[in-house]
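**Q** The structure under discussion is supplied below as structure tokens; questions concerning it will follow.
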Amino acid sequence: MVGATAADDLQTKASSLLVRNVSKVHVSADGTHVAALSDVSLSIAAGELVSLVGPSGCGKSTLLRLIAGLDAPSSGELRIGANPISGPSAERGLVFQDPNLFPWLTVRRNIESGLAARNVLREKRHDVDDFMRLVGLESFANAFPHQLSGGMAQRVALARALVNHPRVLLLDEPLGALDAFTRMRMQDEVLRLWQNRGTTMLLVTHDIDEAIYMSDRIVMMTPRPGRIERIIEINQPRPRQRNSSEFLELRGRILEMLHFAGENAQAPNR
């Protein structure tokens with residue numbers, strides 16, 4: 001854990017995120033049109049932690065790719081703060097389910113890689129040490145990915161994204177490949193990083209318990225083409241108790257909503 005002064009140095013001004021009337025249609029090689037998203041609108045406040053949940057294929061990861069600037073919408077607009085999103089940028093970090101570490105680089109070199117690609121490593125090198133301490137890996141600085149556990153590798157991926165001081169951090173099932181106990185520990189780790197830095201975070205997850213435990217709001221999406229079904233405010237104080245009656249009641253309600261959303265979406269095809 002870093003001290004108060006170092007933690008203050010790691011703060012980045014978070015940004016709001018706006019998705020307005022966004023649709024995305026994929027065109028296959030044979031000319032077939034597949035609608036992935038339809039008229040999605042979402043506003044996320046600076047410093048908020050929001051989860052996207054919904055059945056597989058509902059466009060959650062597609063929406064993250066659009067926000068990351070890795071793809072362009074077919075219609076609609078996306079903004080970070082007042083600025084339109086027109087392509088990839090270091091102000092939007094992206095962490096995947098697979099840590100995607102470079103196997104030939106040490107922990108330190110993996111975290112440095114984004115800074116080196118941007119030609120800012122020399123002036124930002126001290127940040128690497130700070131972020132290794134922040135994620136508890138300073139004693140593994142010279143270790144290689146094959147020497148790390150799954151949770152440690154994902155912490156390296158988080159540090160590599162955060163060292164660029166993104167205004168928005170996009171998390172695409174980042175804990176999905178971990179065992180249950182490691183996953184719960186990493187949920188606390190991500191929450192600690194979020195609370196220390198105040199970064200706006202958008203998390204894609206299939207785990208309803210994870211969404212309730214971590215989020216300020218949960219955005220529920222329908223099956224393809226993905227639309228926002230409803231947005232649920234999580235008013236339970238942190239740290240949240242996974243076995244509390246309030247937690248379990250909300251979990252049951254969300255599971256029921258997802259079930260009926262799927263039933264309603266499939267009804268016309270029966």
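**Q** Quick one: of the DSSP bridges fully inside the chain, what percent are antiparallel, nearest 5?
**A** 55 percent
**Q** What residues have an amide H closer than 5 Å to that of residue 54, excluding those fewer than 5 places away on the same chain, when H is modeled at 1.01 Å from N in the peptide plane?
**A** HN-HN under 5 Å from residue 54: 221.
**Q** Shifting gears a bit: Quick one: Karplus J couplings for segment 135-148, per residue in order, coefficients 6.51, -1.76, 1.60, θ = phi - 60°, nearest Hz, x for Gly and Pro?
**A** Once θ is set to phi - 60°, the couplings for segment 135-148 become 9, x, 10, 4, 7, 10, 3, 9, 7, 9, x, 5, 8, 9 Hz.
**Q** Let me ask something additional. Going by C-beta contacts inside 10 Å, put 24, 124 in order with the fewest on the left.
**A** 124, 24
**Q** Taking the Cβ of residue 110 as the center, what net charge do the other residues with Cβ under 13 Å away carry, scoring Lys and Arg +1 and Asp and Glu -1?
**A** Once all neighbours under 13 Å are counted, the net charge is +3.
**Q** With a 10 Å Cβ neighbour count serving as the proxy for reagent exposure, in which order, fewest first, do 98, 209 appear?
**A** Ordered by Cβ neighbours within 10 Å, fewest first: 98, 209.
**Q** Would you grab the residues whose amide H sits under 5 Å from the one on residue 94? Only those 5+ places off in sequence or on another chain, please, with H modelled 1.01 Å from N.
**A** 170
**Q** Report for segment 164-249 the percent antiparallel among DSSP-assigned beta bridges with both residues inside it, nearest 5.
**A** Taking every DSSP beta bridge with both residues in segment 164-249, the antiparallel ones total about 50 percent.
**Q** Rounded to whole Å, give me the distance from the Cα center of segment 83-110 to that of segment 27-46.
**A** One Cα centre to the other: 23 Å.
**Q** Connecting C-alpha atoms closer than 10 Å in a GNM of the chain, tell me which of 117, 159, 211 has the biggest fluctuation.
**A** 117
**Q** Oh, and also: Near residue 138, within a Cβ-to-Cβ distance under 12 Å, what is the net charge of the other residues, with Lys and Arg +1 and Asp and Glu -1?
**A** +1
**Q** Right, another one. Under the Kirkwood approximation applied to all pairs of distinct alpha-carbon atoms, what is the hydrodynamic radius of segment 20-75 in Å?
**A** 12.4 Å
**Q** Restricting to Cα pairs below 8 Å that are 6+ residues apart, what does the relative contact order work out to for the chain? Please round to a whole percent.
**A** Over the chain, the number comes to 27 percent.
**Q** I need the phi-derived Karplus couplings for segment 219-227: 6.51 cos²θ - 1.76 cosθ + 1.60, θ = phi - 60°, integer Hz, Gly and Pro marked x.
**A** 9, 9, 10, 8, x, 3, x, x, 10
Quick note: the coordinates plus some simple rules give every number you see, no bench work behind them. Fair warning: this is a prediction, and the values are worked out from it, not measured in the lab. Cβ: placed from backbone, ideal geometry, glycine included. Neighbour counts: every protein chain shown.
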